[in-house]
Every structure is written in structure tokens, then in C-alpha cells.
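Derivation of every value follows stated rules applied to the coordinates shown; laboratory data play no part. A quick note: this is a predicted structure, and the numbers were derived from the prediction, not measured. Virtual Cβ from ideal backbone geometry, glycine too; neighbours counted across all protein chains shown.
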């Protein structure tokens, strides 16, 4: 899927996206994965459903849905370059993802966010109904350990 949105190209075509620009942003700007190796970003990119926004061929936004395409999805690595924020790009990307028939059929979609609750609430996300039932293995410094 590729659409024109206010001069931006929003696409799920990975051939149009630039995984090197995605890596640069994630490793330098994302609080959740600072220092992430390129090989890790590339593997995640290759094995996820991705959407991106481009302006004049430059990657300015990105998100990925980690999914089995049948039951579950986890929304991750959502970003919009600072100079392009406030233009509705992330909302449009979310709208396009959540309007896909196969996404509408997923039993559950989760995400973690520190500061974008308002955006995701517009698409039906709520606080976990049973947070005590959710468990994790957390390794927040894993990328620092493997360098």
C-alpha cells in the first residue's frame, strides 16, 4: 500500500523505505533502544509489517507491527522526525494500519509508550485490563552489553 498524504508518501513497501535511516533514528533518538545494532534493526524490519513516511525520498517516519498476521500484534518503533511532527503523519500511519482487514481480525494488539497515550487512545488502545497478568523479561541495557 502506498498513498500520498499532504505531500508525503506513506507506504508499506519496504523497498521504498530506508532501513539505514530507521536505524540511525532508533539508535540515536529512541529512548527504548539507544545503541541498537544495525543488524538487529534490519532483522526486526525484515520480520515485521512496516509502514513508513517519506518526503522527497527521505525516510521521515516509521512504525512496525510485530505480528503473526492471524492472532496478535505488537506495535513498536513508532517515530516521526521532529521537523515533521504535528502534521498528522503518525495518525495517518496508524489509520492505514488499523484499517487493514487482517489487522481488524487480530485478537489483541499491544504497545508500550512513555508519552504518546493520547495518540494511541484515538485508535482504541486502553490501559491493560489485567496488568497483573502480564509478565516480561526485561533487558533494557542489552544493546550496551553486546557492543
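Brief remarks on what is shown
- Modelled spin-label separation between residue 18 and residue 6, with each label point placed 7 Å from Cα along the Cα-to-Cβ direction: 2.1 nm.
- Listed peptides 129-135, 139-145 by packing density, highest first (mean Cβ within 10 Å): 139-145, 129-135
- Distance between the modelled labels on residue 76 and residue 110, one decimal in nanometres: 1.2 nm (7 Å Cα→Cβ projection).
- Helix-derived mean residue ellipticity, 222 nm - over the chain, DSSP H n ≥ 4, -39500 (n - 2.57), to 500: -7500 deg cm²/dmol
- 25 Å tail of the calculated P(r), the range 2-145, as % of Cα pairs: 27 percent
- Solvent-free Debye scattering, log10 I(q)/I(0), computed from the Cα coordinates of the range 4-70 at q = 0.21 Å⁻¹: -0.87
- Straightening the chain between residue 68 and residue 31 buys 10.7 nm, computed as 0.36 nm per residue apart minus the Cα-Cα spacing.
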